[in-house]
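The values are calculated or read from the model by the stated rules, or taken from the named source; none is laboratory data. Everything quoted here is computed from the prediction, not taken from an experiment. Cβ sites come from the backbone with ideal geometry, for glycine too, and all protein chains shown count toward neighbours. We work out accessible area using only protein heavy atoms, side chains counted, and drop any ligands, DNA or RNA first. Shrake-Rupley method; radii C 1.70, N 1.55, O 1.52, S 1.80 Å.
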Amino acid sequence: MTDVQALVLAPPQPAPAAARGGKFSAYFGTPGNTLISLASIAAIVFIAKLAFGWLVVDAVYSGDGAVCKAASGACWPFVAQKLRYMLFGFYPYDEQWRPMLALLLFFGACLFSMMPRFWSRKLLIAWIVAILPALYILMAGGIFGLTPVPTTSWGGLPLSFTLSFVGLTLALPLGIVLALARASNLPAIRVLAVGFIEIVRGVPLISILFMATVMLPLFMPEGTTIDKLLRAQVAIILFASAYIAEIVRGGLQDVPAGQYEAGKSLGLHYWQVMRKIVLPQALKKVIPPMVGLFIGFFQDTTLVTIVGLVDFLDTVRSAIRDPEWQGIAVLEGYLVAAAVYFTFSALMGAYSRFLEAHFRTTHA
């Protein structure tokens with residue numbers, strides 16, 4: 001026993017003050033915390049009271065611009081009159097049931113696709129063969145007795161979702177390929193991938209949009225015109241793919257080297273190892289930054305206004321500049337835009353947390 005030292009246990013100590021005080025000890029445990037908490041609560045109550053008064057108590061619910069101008073609250077008649085324009089832009093008024101139906105179909109298909117029990121190749125085929133063509137037919141028309149509507153008349157919320165959803169959906173596989181190319185052992189492929197990624201990430205999206213608008217037609221045969229929406233879509237795909245590539249590359253680096261070696265020991269070639277072993281693990285690890293990127297690009301679609309497209313935020317600005325309401329209802333329009341962007345961004349964030357829990361990528 002002389003060679004073995006006895007373990008001396010420290011005497012029991014009282015629990016920390018924060019643990020003894022429960023949940024609220026961090027807010028009211030000390031005089032300083034109590035003062036800060038009370039001041040914060042008072043500020044929240046004061047701001048909430050002012051907001052409720054402006055939004056509800058003093059708000060105007062009927063009338064015209066003159067009535068709103070004389071009031072001290074929110075002008076909800078402006079929102080009621082301009083809501084269809086803010087949502088659908090210059091899309092023909094009598095045909096606006098089509099973008100509304102397209103949005104409902106899109107949201108329904110997305111909700112269905114977000115449920116893990118429906119994930120399969122059949123779902124992907126349904127999107128490619130049925131859902132996306134149906135959405136395009138509803139918006140563009142020209143068949144089934146629908147009046148043709150050029151993409152120059154598309155605007156508002158459908159345009160924002162078209163640019164962000166289609167752009168990011170097509171940018172994801174391109175970004176994965178770029179990430180694999182950047183991690184390749186072949187110098188030529190690696191240099192090309194690094195060059196593309198660093199050049200695209202080194203300039204703002206506005207520059208890429210300008211280049212797609214001005215330079216893309218130069219690569220087409222003479223006399224060929226390229227749709228303005230297609231140009232912006234290509235720019236967003238290329239820009240997003242570079243950022244996705246770096247996110248995926250980070251996920252690839254986090255996969256243990258033993259996973260690669262285990263795949264090779266089973267006789268799998270490179271693409272089988274990547275498709276069946278490495279990429280599934282890497283993509284699960286990068287769900288949070290990937291969703292954050294998607295939220296950012298959904299909001300950045302507002303930049304397409306510089307190439308002549310009218311997205312949701314630009315239709316809100318145009319509605320505010322209407323001579324009948326100019327200078328009267330400004331905050332109301334931006335509140336509608338903020339509510340829409342916040343709602344969809346919050347939903348994407350919530351779905352990100354659901355995916356993390358589903359794939360068990362976080363620890364309790």
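Looking at the range 61-74, I want the residues that are open to solvent by less than 70 Å² (accessible area, probe 1.4 Å) and have a partner that is part of a loop (DSSP other than H, G, I, E, B) and of a type in the set (Lys, Arg) with Cβ atoms under 6 Å, at least 6 apart or on another chain. Which pairs are those?
Filtered contacts from the range 61-74: no entries.
Is it true that some residue in the range 289-303 is touching a strand residue (DSSP E or B) at 6+ places or on another chain (Cβ under 7 Å) and of a type in the set (Asp, Glu)?
No, the range 289-303 has no match at all.
Kindly indicate whether any position in the range 325-334 is within 30 Å of Cys75 (Cβ to Cβ), touching a Leu at 6+ places or on another chain (Cβ under 8 Å), open to solvent by less than 20 Å² (accessible area, probe 1.4 Å) and not assigned by the TED database to the domain that holds Met115.
No, because not a single residue in the range 325-334 is within 30 Å of Cys75 (Cβ to Cβ), touching a Leu at 6+ places or on another chain (Cβ under 8 Å), open to solvent by less than 20 Å² (accessible area, probe 1.4 Å) and not assigned by the TED database to the domain that holds Met115.
Which condition number in (1) crowded, with 16+ Cβ neighbours inside 10 Å; (2) in contact with a helix residue (DSSP H, G or I) (Cβ under 7 Å, 6 or more places away or on another chain); (3) free of Cβ contacts under 8 Å to residues at least 60 places away in the same chain is the one that Gly156 fails?
Tallying (1) crowded, with 16+ Cβ neighbours inside 10 Å; (2) in contact with a helix residue (DSSP H, G or I) (Cβ under 7 Å, 6 or more places away or on another chain); (3) free of Cβ contacts under 8 Å to residues at least 60 places away in the same chain, Gly156 fails exactly one: (3).
Ile226 is checked against (1) of a type outside the set (S, T, N, Q); (2) in a helix (DSSP H, G or I); (3) surrounded by 14 or more Cβ atoms within 10 Å (Cβ to Cβ) and fails just one. What number does that condition carry?
All conditions pass for Ile226, except number (2).
Scan the range 244-255 residue by residue and report those that are under 25 Å from Val166 (Cβ atoms) and either without any contact (Cβ under 8 Å) to a residue 24 or more places away in the chain or among the hydrophobic types (A, V, I, L, M, F, W, C) (or both).
Ile244, Ala245, Ile247, Val248
Please give the number of the condition Gly349 fails out of (1) modelled with pLDDT of 85 or more; (2) open to solvent by 30 Å² or more (accessible area, probe 1.4 Å); (3) not assigned by the TED database to the domain that holds Asp227.
Gly349 satisfies every listed condition except (2).
Evaluate the following for Gly167: is it out of contact with any Cys (no Cβ under 6 Å at 6 or more places or on another chain), open to solvent by less than 30 Å² (accessible area, probe 1.4 Å) and either free of Cβ contacts under 8 Å to residues at least 60 places away in the same chain or of a type outside the set (A, V, I, L, M) (or both)?
yes
Matching residues to (1) in contact (Cβ under 8 Å) with a residue 12 or more places away in the chain; (2) open to solvent by less than 20 Å² (accessible area, probe 1.4 Å); (3) of a type in the set (A, V, I, L, M); (4) part of a helix (DSSP H, G or I):
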residue: Gly175; (1), (2), (3), (4): yes, yes, no, yes
residue: Ile189; (1), (2), (3), (4): no, no, yes, yes
residue: Val200; (1), (2), (3), (4): yes, yes, yes, yes
residue: Phe210; (1), (2), (3), (4): yes, no, no, yes
residue: Ala242; (1), (2), (3), (4): yes, yes, yes, yes
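Does at least one position in the range 308-320 carry a residue that is free of Cβ contacts under 8 Å to residues at least 24 places away in the same chain and not assigned by the TED database to the domain that holds Glu261?
yes
Which condition number in (1) touching a helix residue (DSSP H, G or I) at 6+ places or on another chain (Cβ under 9 Å); (2) more than 13 Å from Leu83 (Cα to Cα) is the one that Ala357 fails?
Single failed check for Ala357: (1).
Among the listed residues Pro217, Pro221, which satisfies the condition of being at pLDDT below 90 and assigned to a loop (DSSP other than H, G, I, E, B)?
Pro221
For every residue, the table says whether it meets (1) in a helix (DSSP H, G or I); (2) within 21 Å of Asp94 (Cβ to Cβ); (3) in contact with a Gly (Cβ under 6 Å, 6 or more places away or on another chain).
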site	(1), (2), (3)
Trp127	yes, no, no
Ala130	yes, no, no
Tyr136	yes, yes, no
Met139	yes, yes, no
Val149	no, yes, yes
Thr152	yes, yes, no
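Within the range 92-111, does at least one residue satisfy the condition of being in contact (Cβ under 8 Å) with a residue 40 or more places away in the chain, within 30 Å of Trp325 (Cα to Cα) and of a type in the set (Ser, Thr, Tyr)?
So far as the range 92-111 goes, no, none of its residues is in contact (Cβ under 8 Å) with a residue 40 or more places away in the chain, within 30 Å of Trp325 (Cα to Cα) and of a type in the set (Ser, Thr, Tyr).
For the range 335-345, which residues satisfy the criterion of being within 16 Å of Ser160 (Cβ to Cβ) and surrounded by fewer than 16 Cβ atoms within 10 Å (Cβ to Cβ)?
The answer is Ala338, Ala339, Phe342, Thr343.
Considering only residues that are within 22 Å of the chain's Cα centre (by Cα) and of a type in the set (D, E, K, R), look in the range 229-273 and name the one that is farthest from Ile197 (Cα to Cα).
The extreme case among them is Arg231.
Taking Ala262 as the residue in question, decide whether it is surrounded by 14 or more Cβ atoms within 10 Å (Cβ to Cβ) and assigned to a helix (DSSP H, G or I).
no
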